[in-house]
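First the structure, in the form of structure tokens, and then the observations on it.
The values are calculated or read from the model by the stated rules, or taken from the named source; none is laboratory data. What you are looking at is a predicted structure, and each value in this text was computed from that prediction instead of being measured. When we count neighbours, we look across all protein chains shown, and the Cβ atoms used for this are built from the backbone with ideal geometry, even at glycine.
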Amino acid sequence: MPVYIDTVPCGFKEEIAMITKKIKIQIQNGLEARPVAVLVQVASQYNSSIYVECEDKKVNAKSIMGMMTLGLAAGEEVVVSANGDDEENAMTDIVKYLSAANA
């Protein structure tokens, strides 16, 4: 579903393509320091803006400090969103990493 942003006072709206996906974290020990560092490395390979959302917190997936504040455990569900020219590839790799039981 496209997201719209007001860009000018007359009410013209610009469509922003963004993909989102709900993911269950399968990493055995959840997102502790090492898995968070790897996730940040995966996200940082892409130009797209990438965010991870859990309950009422939304953080930049390229921020190690932000990701650590989420304190995510195995089995928790998060919503990942990506927006940019390489968003499809970014989402594929993030989903692949978070869904890997042996990461």
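Tabulated data
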{"item": "Residue in the stretch 59-79 that is on the phi > 0 side of the Ramachandran plot, more than 10 Å from the chain's Cα centre (by Cα) and in contact (Cβ under 8 Å) with a residue 24 or more places away in the chain present", "result": "yes"}
{"item": "Residue match in the stretch 23-32 (condition: free of Cβ contacts under 8 Å to residues at least 24 places away in the same chain and of a type in the set (S, T, N, Q))", "result": "no"}
{"item": "Elements of type strands (runs of 3 or more DSSP E) in the stretch 4-97, at least 2 residues being at pLDDT 90 or above", "result": "19-24, 49-54, 57-60, 77-83"}
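Listed here are the residues, each with its yes/no results for (1) hydrophobic (A, V, I, L, M, F, W, C); (2) crowded, with 16+ Cβ neighbours inside 10 Å.
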{"position": "Ile23", "(1), (2)": "yes, yes"}
{"position": "Gln45", "(1), (2)": "no, no"}
{"position": "Lys57", "(1), (2)": "no, no"}
{"position": "Asn60", "(1), (2)": "no, no"}
{"position": "Ser63", "(1), (2)": "no, yes"}
{"position": "Gly71", "(1), (2)": "no, no"}
{"position": "Val78", "(1), (2)": "yes, yes"}
{"position": "Met91", "(1), (2)": "yes, yes"}
{"position": "Ser99", "(1), (2)": "no, no"}
